[in-house]
Amino acid sequence: MLKIIAEKINGTRKRVAQAIKDRDAAFIQDLARQQAEVSATTWLDVNAGTAPQREPDDLIWLVETIQAVVDKPLALDSANPAALKAALGAVRHKPLINSISLEPGRLDVYPVVAENKCPAVALAMDEKGIPKTKEERLDVIGRILDKTRPMGIADEDLYFDPLAMTIATGQENALLFLDTVREIKRNFPKVHITCGLSNISFGMPARSFINRVFLALSMEAGMDCAICDPNNQDIQTTILATNLLLAEDRHCLQFTRAFRAGVFGKPV
């Protein structure tokens, strides 16, 4: 069953950044409630997106503000170990840490993940940036596992992001992603796979159509987690229909109940 990392509480978005600066708790809490009420939401992403010296305080404020109104695990989205350690002292549930990679600036995050026994998103990137081929991405993933396994980080606690790149700059990018997902599942069967869903359609018209087809194809290939907007009805219905067709919806119950509840179609 697909898990969702709900993406809206991100300081790189102008309105969220302003809310963090102004300590506008009502705005942040409204975003948290909207996303938490969707059953597929597993984690609420929490990204302060502020300068390193400010980030610990901002991340703690976000965590406390969100937890005051929803009881949902959080994804602490930062490459700043000081900010992560500060936020870990405030979280109510074990969080997902987003993210580790082989980039020099993220190597200090590994001990934080290991010491706190948290699941983590792992980007298929190294010091050279984003690998251009499937083979190179698999090599990076293998080298990440060479670091995580001796540290006691279980394969099943890692959510690898093979990095979906927009088809606007490379028409083969979707195929590259899907092929990489299948190879990850073949070579490292215990790990999970995620991605920033909307990256695939950046710069294209009618993005929602592209995103939902890409989601269905990625789920069939083996992706079991997505960073996306859980309140988007197209996303909700695509998840339900894809789970149904992949025989992951026992007795078709989730699809049928969602229809009867009016999630899509005409409620009965």
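Overview of values
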{"item": "Burial order of peptide ranges 20-26, 89-95, 245-251 (average beta-carbon count within 10 Å, highest first)", "result": "89-95, 20-26, 245-251"}
{"item": "Arg260-Gln53 FRET efficiency (beta carbon distance; Förster radius 51 Å; 0.05 resolution)", "result": "0.50"}
{"item": "Arg186 paired with Leu107, simple spin-label distance in nm, labels 7 Å along Cα-to-beta-carbon", "result": "3.2 nm"}
{"item": "Debye, to nearest 20: dipole size of the stretch 3-232, +1 on Lys, Arg Cβ, -1 on Asp, Glu Cβ", "result": "200 debye"}
{"item": "Leu96 long-range amide H proximity, modeled H, under 5 Å", "result": "Leu74, Ala75, Leu76"}
{"item": "Along each principal axis, Cα extent of the stretch 1-114, largest first, Å", "result": "37, 36, 24"}
{"item": "Whole-Hz ³J(HN,Hα) from phi, Karplus 6.51 cos²θ - 1.76 cosθ + 1.60, for the stretch 91-107, glycine and proline x", "result": "6, 8, 10, 4, x, 8, 9, 10, 6, 10, 6, 9, 5, x, x, 10, 5"}
{"item": "Translational diffusion of the chain, µm² s⁻¹ [Kirkwood Rh, Cα pairs; Stokes-Einstein; 37 °C; 0.692 mPa s]", "result": "172 µm²/s"}
{"item": "Of Ala168, Val140, Pro81, farthest towards positive along the dipole that unit charges on Lys, Arg, Asp, Glu beta carbons give the chain", "result": "Ala168"}
{"item": "Packing-based order for 226-237, 190-201, using average beta carbon neighbours within 10 Å, highest first", "result": "190-201, 226-237"}
{"item": "Fraction of beta bridges assigned by DSSP in the chain that are antiparallel (%, nearest 5)", "result": "5 percent"}
{"item": "Nonlocal amide H pairs with Ile193, under 5 Å, H built at 1.01 Å", "result": "Phe160, Asp224, Cys225"}
{"item": "Förster-model FRET efficiency, 41 Å R0, Met204 and Lys117, C-beta, rounded to 0.05", "result": "0.55"}
{"item": "Mean ellipticity per residue at 222 nm, deg cm²/dmol - from DSSP H runs of n ≥ 4 across the chain, formula -39500 (n - 2.57)", "result": "-13500 deg cm²/dmol"}
{"item": "For the stretch 181-224 and the stretch 235-251, distance of Cα centres in Å", "result": "15 Å"}
{"item": "Over 24 Å between alpha carbons, listed pairs Lys128/Lys190; Lys117/Lys190; Lys21/Lys117; Lys72/Lys134; Lys8/Lys94", "result": "Lys128/Lys190; Lys21/Lys117; Lys72/Lys134"}
{"item": "Two-site FRET efficiency, Glu136 against Ala247, from Cβ-Cβ distance with R₀ of 41 Å, rounded to 0.05", "result": "0.75"}
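All of the numbers you see were taken from the coordinates with simple rules; none came from a lab. Here the structure is a predicted model, which is why all the values come from computation and not from measurement. Neighbour counts run over all protein chains shown; Cβ positions are idealised from the backbone, glycine included.
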